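The values are calculated or read from the model by the stated rules, or taken from the named source; none is laboratory data. The shown structure was predicted, so the numbers you read here are calculated from the model rather than taken from an experiment. Positions of Cβ are backbone-derived with ideal geometry, glycine not excepted, and every protein chain shown enters the neighbour counts.
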Amino acid sequence: MNRRMLALGRLKVGDMNKTETAYAERLRAQQAAGEIQWHRFEGLKLRLANNTFFTPDFAVMAADGVMECHEVKGHWQDDARAKIKVAAAMYPFRFIAVKVRAKRDGGGWAVEEF
């Protein structure tokens with residue numbers, strides 16, 4: 001059986017994985033270019049229900065002042081997709097998920113808004 005191995009754990013709070021690190025570089029470039037005003041890794045923790053929280057990978061303030069929650073994914077788990085949808089319904093932020101696009105597909109980032 002040829003199945004991809006998925007990480008079972010999560011890095012320490014405050015530590016970025018390789019994909020998040022690459023996305024942080026993109027956000028730094030966007031901030032330098034004036035496309036966004038501010039960003040912070042794991043800068044928000046949103047309560048969805050009792051003992052249920054969603055911490056977006058990046059809190060971002062767009063150039064127009066709108067707050068955004070950016071989630072960086074290599075692979076979607078069903079519970080993560082459900083949490084971002086619930087958060088988008090509860091909070092007045094723009095919710096955006098980004099995924100690395102394969103080089104054969106042109107590279108860059110695939111963006112999904114909730």
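Here 66, 60 are screened, and the one residue that is within 18 Å of residue 24 (Cβ to Cβ) and free of Cβ contacts under 8 Å to residues at least 60 places away in the same chain is 60. Cβ-Cβ contacts under 8 Å between residues 6 or more apart (or on different chains), taken from a first residue in the stretch 98-114 that is touching a residue at least 60 places away in the same chain (Cβ under 8 Å) and within 12 Å of residue 22 (Cβ to Cβ) to a second residue that is β-branched (Val, Ile, Thr) and not in a loop (DSSP other than H, G, I, E, B), are listed as 98/72; 98/111; 100/19; 109/98; 109/100.
Looking at the stretch 21-83, the strands (runs of 3 or more DSSP E) lying wholly inside it that each contain 3 or more residues that are in contact with a strand residue (DSSP E or B) (Cβ under 9 Å, 6 or more places away or on another chain), over 12 Å from residue 98 (Cα atoms) and at pLDDT 95 or above sit at 36-41, 46-49, 58-62.
If residue 89 passes every condition in (1) among the small types (Gly, Ala, Ser); (2) touching a strand residue (DSSP E or B) at 6+ places or on another chain (Cβ under 9 Å); (3) in a helix (DSSP H, G or I) but one, which one does it miss? Against the list (1) among the small types (Gly, Ala, Ser); (2) touching a strand residue (DSSP E or B) at 6+ places or on another chain (Cβ under 9 Å); (3) in a helix (DSSP H, G or I), residue 89 comes up short only on (2).
Consider residue 51 against the criteria (1) within 14 Å of the chain's Cα centre (by Cα); (2) closer than 22 Å to residue 12 by Cβ: it satisfies all of them except one. Which criterion is unmet? Looking at each condition in turn, residue 51 falls short on (1). When restricted to residues that are farther than 19 Å from residue 23 by Cβ and in contact with a helix residue (DSSP H, G or I) (Cβ under 7 Å, 6 or more places away or on another chain), the stretch 47-61 contains 1. Can you pull out every residue in the stretch 62-77 that is out of contact with any helix residue (DSSP H, G or I) (no Cβ under 8 Å at 6 or more places or on another chain), of a type outside the set (A, V, I, L, M) and over 14 Å from residue 34 (Cα atoms)? If the condition is that a residue be out of contact with any helix residue (DSSP H, G or I) (no Cβ under 8 Å at 6 or more places or on another chain), of a type outside the set (A, V, I, L, M) and over 14 Å from residue 34 (Cα atoms), then 68, 75, 76, 77 are the ones that fit. Give me a count of the residues in the stretch 88-110 that are among the basic types (Lys, Arg) and exposed (fewer than 15 other Cβ atoms within 10 Å of the Cβ). Qualifying residue count, the stretch 88-110: 3. Name the single residue that is surrounded by the most Cβ atoms within 10 Å (Cβ to Cβ) among those in the stretch 12-42 being over 14 Å from residue 73 (Cα atoms) and aliphatic (A, V, I, L, M). Residue satisfying both the conditions and the ranking: 36.
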